[in-house]
Amino acid sequence: MEQYEPDGLSEAQRAAMRRSLETGRGALTRRSLLRASGAGALALGGAAGLGACGIPPARREGQGPAATDHSAREKRLAFSNWTQYIDVSDDEKRRPTLEAFTRRTGITVTYTEDINDNVEFFGKIKPQLAAGQDTGRDLICVTDWLAARIIRLGWAQKLDPANLPHAYANLAPQFRRPDWDPGRAHSYPWTGISTVIAYNAKATGGRTVDSVSQLLDDPKLKGRVAFLSEMRDTVGMTLLDMGEDPGTVTAAQYDAAIGRLRKGVETRQIRRFTGNDYTADLSKGDLAACLAWAGDLIQLQADNPDIRFAVPAAGYLTATDNLLVPTGARHKANAEKLIDYYYEPPVAARLAAYINYVCPVDGVRPELARIDPALAANTLILPDRAMAAKSRAFRSLTSEEETAFEEKFAALIGA
């Protein structure tokens, strides 16, 4: 039987989170190469937060008592977000979209960049959430797996559709139905994080690399291929290539994908498993091709015209960072107004132009084109209909499944 640590996580889960925080999604997200200043701070504190965060096994505990909403007489809200994850002025002293929201509504936003990684942040707010108390935050932004856990624990308030007309109407179809929050009853995405194939055209001799099968089987790429050290991305992309859906993956299908990847390790087709440190090797040509996060590629392409990306015909993985109103929040309606505001296309365009992640708002393309036509045409920011149709998400896992899956993946990558 799997033994759990006092914080409710198995050692396999803890090890996977350490990888994520050091070089994986936890290190990548919100600090793309576009904004390198201050990036090192985001990697700090991650491992230390693991032992103290006290994340319990996910379980349904109900919605919890409804908090009294003081929005009508207290025109303010507190919003916790990741570093460098919102538009700022050229002098970096103002946040234009937030200032415009306050001018329009009279609602003052206390905006705090106090999320450095999901685990550490959850450790900060868990005691208050568990006690049904106000965390001091009316709106938080967390990655899908943590959003799922908070919702399952009953620690997120159900949103009022009457306060979210733009969000309801403009949410892009590919983000509408996560299995962990059907119908987006408790959450709306702030941005999407896509996993695609990247390659250095000079290193491949001008050949396109557009499938996981090529990464695993093409002898011309042997020893110059990298997969990601994030389990959901690497196994999910492999499952898609095998004709399986990560959104409904079974244990047997998962084992088959691990077996396929293991062959790539044993034959030395795969050079290594990487976090976001693949960027330097790909740019130099030491890696010919790899799985990559879209948030990295826009800047890589700007710096090196040989860097290309491809969306496999079989599909690609997309994760999300999501806005939630925690239980105990004093200003739920004000927070809902802010969520809805960022789903107005002109506002969403200004945000997307700055942060360059996948925009979850339909109808934003003409607005973004007024700001920067090149960004509006970039499918890494605004997937076209054909690309969006290929987007898939890895299904929610039980704590037991996550432990078993992570243990097998750790054995594969030698972690």
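The values are calculated or read from the model by the stated rules, or taken from the named source; none is laboratory data. Remember, predicted model here, so these are calculated numbers, not experimental data. Methodologically, a virtual Cβ is constructed for each residue, glycine included, from the backbone with ideal geometry; neighbour enumeration extends over all protein chains shown. Protein only, heavy atoms only, side chains kept; ligands, DNA and RNA dropped before computing areas. Shrake-Rupley method; radii C 1.70, N 1.55, O 1.52, S 1.80 Å.
When the strands (runs of 3 or more DSSP E) confined to the range 288-360 are screened for residues that are among the β-branched types (Val, Ile, Thr), those reaching at least 1 such residues are found at 307-310, 316-324. Of the residues making up the range 241-271, those that are outside any loop (DSSP other than H, G, I, E, B), in contact with a Gly (Cβ under 8 Å, 6 or more places away or on another chain) and open to solvent by 10 Å² or more (accessible area, probe 1.4 Å) are 270, 271. Scanning the range 177-217 for residues that are within 30 Å of residue 342 (Cα to Cα) and in a loop (DSSP other than H, G, I, E, B) returns 177, 178, 179, 180, 181, 185, 186. For the structure I just gave you, tell me whether residue 220 is of a type in the set (D, E, K, R), modelled with pLDDT of 95 or more and assigned to a helix (DSSP H, G or I). Here the answer is yes, as residue 220 does meet what is asked. Does residue 362 fit the bill of being in contact (Cβ under 8 Å) with a residue 24 or more places away in the chain, surrounded by fewer than 19 Cβ atoms within 10 Å (Cβ to Cβ) and more than 22 Å from the chain's Cα centre (by Cα)? No.
When you go through (1) buried (at least 17 other Cβ atoms within 10 Å of the Cβ); (2) within 19 Å of residue 189 (Cα to Cα) one by one for residue 128, which number turns out not to apply? Looking at each condition in turn, residue 128 falls short on (2).
Of all residues in the range 145-182, those satisfying the criterion of being open to solvent by 30 Å² or more (accessible area, probe 1.4 Å) and closer than 16 Å to residue 247 by Cβ are 145, 173, 174, 176, 177, 179, 180, 182. If you filter the range 307-342 down to residues that are more than 22 Å from the chain's Cα centre (by Cα) and of a type in the set (S, T, N, Q), you find that the one that is surrounded by the fewest Cβ atoms within 10 Å (Cβ to Cβ) is 327.
Does residue 303 satisfy being among the acidic types (Asp, Glu) and touching a Phe, Trp or Tyr at 6+ places or on another chain (Cβ under 8 Å)? Against the criterion (among the acidic types (Asp, Glu) and touching a Phe, Trp or Tyr at 6+ places or on another chain (Cβ under 8 Å)), residue 303 does not qualify. Residues in the range 83-112 that are modelled with pLDDT of 95 or more, open to solvent by 50 Å² or more (accessible area, probe 1.4 Å) and of a type outside the set (S, T, N, Q): 4 in all. Here residue 133 passes the criteria (1) modelled with pLDDT of 95 or more; (2) in a loop (DSSP other than H, G, I, E, B) except the one numbered (1). The residue that is farthest from residue 155 (Cα to Cα), among those in the range 111-143 that are in contact with an Asp or Glu (Cβ under 9 Å, 6 or more places away or on another chain) and polar (S, T, N, Q), is 143.
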